[in-house]
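The values are calculated or read from the model by the stated rules, or taken from the named source; none is laboratory data. Being a predicted model, the structure only gives us computed values, none of them experimental. For neighbour counting, all protein chains shown are included, and Cβ atoms are generated from backbone atoms with ideal geometry for every residue, glycine included.
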Amino acid sequence: MQSIGLALQTTFAELIERCLDASFDQDFDEQGQFVKVTSKGRGYWYFQKYQHGGRERRYVGPVAEPAITDRVEKFKALKADFTERREMVRALGQVLPRPDPLTGAIIEVLWKAGFFRLRGVLIGTAAFQAYAGLLGVKLPSTSLMTQDADFAQFKAISEAVDDTMPPVLDVLRQADGSFTPVPGLDSRSATAFINDDRYRVEFLTPNRGSEDHQGKAANMPALGGAGATPLRFLDFLIKDPVWSVVLHRGGVPVRVPDPARYAVHKLIISTRRRESSFAKADKDRFQASILIETLSKQRSFELGEALAIAASNGPKWRAAIKQASTGLDQEILTFLQKAREAHAAGS
């Protein structure tokens with residue numbers, strides 16, 4: 001895998017920081033203040049202001065997350081410079097992948113609506129694109145094409161934050177006015193939306209309970225009226241996400257899965273594709289292989305740790321990883337073995 005220069009990697013890291021700063025400028029104005037609320041022994045930041053004769057309080061994030069608490073403390077000093085950030089995006093976009101205009105616009109409107117502030121996570125190919133700058137590599141264009149965008153959130157988080165986005169259909173129509181809800185398998189909230197060009201946006205949540213939950217929309221109070229489709233293995237994917245940036249306009253800060261977890265998750269779900277989805281299974285393994293190769297050279301211990309965590313979840317997980325491995329090149333299998341050895345040596 002071809003690496004990008006150190007200067008571009010540094011620029012990408014700086015852009016993430018600037019975009020995170022900019023998100024606070026857009027979400028919170030100087031008429032309000034940050035307040036710390038303790039719930040079940042844990043501290044959480046909320047932004048509070050008084051207007052129209054009443055108090056408005058919005059969830060920001062855990063006090064324990066250093067990036068959030070640092071920005072709370074520096075709130076008045078934070079300044080966004082959209083013009084400079086746009087120039088950074090243009091420079092980075094000469095080498096790193098940029099989303100198609102619609103995908104970028106969808107991610108941007110959801111960011112501005114508060115999806116990532118409410119601890120949502122961008123997943124799928126749109127998230128995979130955002131790993132190029134994080135890992136400092138060029139990604140094959142064949143691994144980047146998509147006609148959908150997937151977003152995930154833990155149901156417990158959606159219920160606990162005591163805040164919500166604006167109506168999600170209104171938000172999506174800011175990106176494309178033709179979006180409409182996709183009829184679901186039950187009568188509860190829509191979990192997916194589609195436009196006239198068949199571009200699909202879907203909201204997902206982990207299913208760690210009964211199989212009865214499969215095919216039924218989960219109620220997600222923070223998602224502006226949308227529900228979410230419960231999926232197995234998703235809790236592994238979206239636990240402990242990381243920040244990256246989507247190269248759209250002035251940059252859009254996004255939470256994406258840890259790349260090692262993303263690689264292992266892709267191996268697992270490649271074995272669960274139905275016969276009609278062979279192309280998607282191939283794409284899953286291809287993306288996993290790219291990340292495995294890259295991580296084995298940069299973060300071999302982390303890749304081995306993700307493999308160990310997945311394997312510890314039970315025989316079905318181990319069987320899925322073993323089955324997926326039969327479709328991998330010998331070189332990738334060697335990288336996986338070295339990652340396991342690195343983790344074993346470092347544990």
Fill in: Matching helices (runs of 4 or more DSSP H) fully within segment 126-200 where at least 2 residues are under 18 Å from residue 107 (Cβ atoms), out of contact with any Ser or Thr (no Cβ under 7 Å at 6 or more places or on another chain) and not small (Gly, Ala, Ser)
168-175
Discussion item. Just the residues that are at pLDDT below 90 and crowded, with 18+ Cβ neighbours inside 10 Å, please, taken from segment 147-191.
Written reply: 189
Worksheet item: In segment 234-258, what residues are assigned to a loop (DSSP other than H, G, I, E, B) and touching a residue at least 60 places away in the same chain (Cβ under 8 Å)?
Response: 241, 247, 248, 249, 250, 251, 257
Discussion item. Can you tell me which residue is modelled with the highest pLDDT among those in segment 35-88 that are of a type in the set (Gly, Ala, Ser) and surrounded by 14 or more Cβ atoms within 10 Å (Cβ to Cβ)?
Written reply: 61
Worksheet entry | residue 291 vs. criteria touching an Asp or Glu at 6+ places or on another chain (Cβ under 7 Å), touching a residue at least 60 places away in the same chain (Cβ under 8 Å), farther than 27 Å from residue 175 by Cβ and assigned to a helix (DSSP H, G or I) | no
Practice prompt. Count, please, the residues in segment 319-332 that happen to be of a type outside the set (Val, Ile, Thr) and loosely packed, with under 14 Cβ neighbours inside 10 Å.
Written response: 5
Worksheet item: Restricting attention to segment 2-31, and to residues there that are more than 21 Å from residue 66 (Cα to Cα) and surrounded by 15 or more Cβ atoms within 10 Å (Cβ to Cβ), which single residue is modelled with the lowest pLDDT?
Response: 4
Worksheet item: Looking at residue 106, is it at pLDDT 90 or above and over 16 Å from residue 164 (Cα atoms)?
Response: yes
Fill in: Inter-residue pairs, beta-carbon under 6 Å, first under 18 Å from residue 235 (Cβ atoms) and in segment 312-334, second in a helix (DSSP H, G or I), 6+ apart
317/310; 318/311; 320/268; 321/267
Worksheet item: Just checking, which of 132, 127 is out of contact with any helix residue (DSSP H, G or I) (no Cβ under 8 Å at 6 or more places or on another chain) and among the aliphatic types (A, V, I, L, M)?
Response: 132
